[in-house]
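Written out below as C-alpha cells is the structure these notes cover.
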Amino acid sequence: MAVVRYEDGRLKPIKHVVYLDPGNVIDEELVKEQVMGGTAIGISLALYEAYRYDEDGNLLTLSFGDYGLPTVMDIPEIEVHLVPSPSPPVTPMGVKGIGEVPVGVAAAAVTSAVEDILRRRVGKVRIDKVPIDPALLTQSI
C-alpha cells in the first residue's frame, strides 16, 4: 500500500506498507532491509528517475544530478511485515528467495496511489508510464 500526496505542485510519497512471504526467515533484519531497499528503488522509478532526451534524440541526462535520484528526504517511511510460510520441501530449510521483488510492486503501488488522487479529482485516469510527471496532475485539475 502506498500513500502519496500532491502538494505544492509535486507528488510526495508519505508512507509505504509492504507484506511479503519470504519463506522461513533466516535473518529477519536483513530481509527487511532488502525489502526496504527494493521498495525505495520502486518509489524512485515511479516518481523521480528518468532518462531525458532533446527533440533530436540527444541524451540530456548526463549526470546523476540530471537523472533525478531521490534523497533520503524523498523516500517515505517504509513499513515491512513478513508473513513467512515455508517453501515446499524442495528448498533447504523451507526458504524462498526475495531478490528484487519489491521494485516493480512498489512502482505499481505508487502509480495506483496517484491514479486514486486523479480519480477523486477528475474521474478515471490511467497512468501508463513512469516516472509520473507531476504536470499530469496540474493539467488534470
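Given the options Gly65, Pro88, Leu137, identify the residue whose Cα lies farthest towards the positive end of the charge dipole of the chain (+1 on Cβ of Lys, Arg; -1 on Cβ of Asp, Glu). After comparing all options, I get Leu137. Within the listed set Gly99, Gly65, Gly37, the residue fluctuating most in the Gaussian network model of the chain (springs between alpha-carbon atoms under 10 angstrom) is Gly65. Among Pro13, Tyr53, Gly23, which residue has its Cα furthest toward the positive end of the charge dipole of region 12-57, with +1 on Lys/Arg Cβ and -1 on Asp/Glu Cβ? Positive-most Cα among the choices belongs to Pro13. Computed from Cα atoms, the angle from the helix 28-47 axis to the main principal axis of the chain rounds to 20 degrees. Residues in the chain average 61 Å² of solvent-accessible surface per residue, probe 1.4 Å, ligands and nucleic acids excluded. In this Cβ point-charge picture (+1 for Lys and Arg, -1 for Asp and Glu), the chain has a dipole of about 620 debye about its Cα centre. Taking the C-alpha atoms only, the angle from helix 101-122 to the longest principal axis of the chain is near 40 degrees.
Within the listed set Pro88, Pro13, Pro76, the residue fluctuating most in the Gaussian network model of the chain (springs between alpha-carbon atoms under 10 angstrom) is Pro88. Mind checking which of Thr71, Thr39, Thr111 has the largest fluctuation in a GNM of the chain, springs on alpha carbons under 10 Å? Checking each option, the largest mean-square fluctuation is seen for Thr71. If only the Cβ of Lys and Arg carry +1 and only the Cβ of Asp and Glu carry -1, the dipole of region 64-139 around its Cα centre is close to 400 debye. Amide H to amide H distances under 5 Å link Val95 with Asn24, Ser87, where only residues 5 or more positions off or on other chains count and H is placed in the peptide plane. Surface calculation, 1.4 Å probe, protein heavy atoms: Lys12 sits at approximately 60 Å² accessible.
Scanning residues 5 or more positions from Val125 or on other chains, those with amide H under 5 Å from its amide H are Arg119, with H placed 1.01 Å from N in the peptide plane.
Over region 24-141, consider all pairs of different Cα atoms and compute the Kirkwood hydrodynamic radius from their mean reciprocal separation; express it in Å, one decimal.
Values: mean 1/r = 0.0597 Å⁻¹.
By the Kirkwood definition, the hydrodynamic radius is 16.7 Å.
Tell me the carbon and sulfur percent of the accessible area for region 7-139, rounded to whole percent, probe radius 1.4 Å. Before the final figure, lay out the partial values.
Working: 4620 of 8130 Å².
Answer for region 7-139: carbon and sulfur cover 57 percent of the accessible area.
Calculated mean residue ellipticity, 222 nm, the chain: -11500 deg cm²/dmol, from DSSP H runs (n ≥ 4) at -39500 (n - 2.57) each, averaged per residue and rounded to 500.
The values are calculated or read from the model by the stated rules, or taken from the named source; none is laboratory data. Note that the structure is predicted; figures quoted are calculated from it, not measured. Counting neighbours? That spans all protein chains shown, and the Cβs are built from the backbone with ideal geometry, glycine included. To get the accessible areas, we keep the full protein, side chains included, count just its heavy atoms, and leave off ligands, DNA and RNA. Shrake-Rupley method; radii C 1.70, N 1.55, O 1.52, S 1.80 Å.
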